[in-house]
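Notes follow once the structure below has been shown.
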Amino acid sequence: MLLKLKGYEVHTRLSGQAGLEAAEQLCPAAILLDLGMPDLDGYATCRLLRQQVWGKYIPVIALSGYGQQEDKLRTKLAGFDEHLVKPADLATLTSLLTTLLARGKSTQ
């Protein structure tokens, strides 16, 4: 809701599989991905996303209550670009999105 108020187009899915299907159809500029989801957790979802031609370079941010050092290492190994712990500060999140989206445009 807060990202919508900031002018971002936002789509929500409640499971890893639904998120993968939506990402393939929508071709999002960035993905915020929870780690504790039904059917596929965020780690598996990100790994599958990175295996897709269309998903290799989409910025993916873990946004989760899991914030231990081990969790952050696992997100890095799964292919996430960044890891934020809930509740994430909106200014930090939007700044990170701006940086990642700018980085993606410069590599295209």
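Each reported figure results from applying straightforward, stated rules to the coordinates on display, with no laboratory input. If you're wondering where the values come from, they're calculated on a predicted model, not measured in any experiment. Positions of Cβ are generated from backbone atoms using ideal geometry, with glycine treated the same way; all protein chains shown enter the neighbour counts.
Quick notes on this one:
- Relative contact order, percent, the chain [alpha-carbon distance under 8 Å, six or more residues apart]: 23
- Within-12-Å neighbourhood charge of S95 [Cβ basis; K, R +1; D, E -1]: -1
- Loop-located chymotrypsin sites (Phe, Trp or Tyr not before Pro) in region 37-108 whose Cβ has at most 15 other Cβ within 10 Å (DSSP): Y57
- Its convex hull of Cα atoms gives the chain a direction-averaged projected area, equal to a quarter of the hull surface, of 6.5 nm².
- For peptides 82-90, 3-11, sequence by mean Cβ density within 10 Å, most packed first: 82-90, 3-11
- Cleavage-rule hits, trypsin sites (Lys or Arg not before Pro), region 53-108, DSSP coil, Cβ neighbours within 10 Å at most 11: K56
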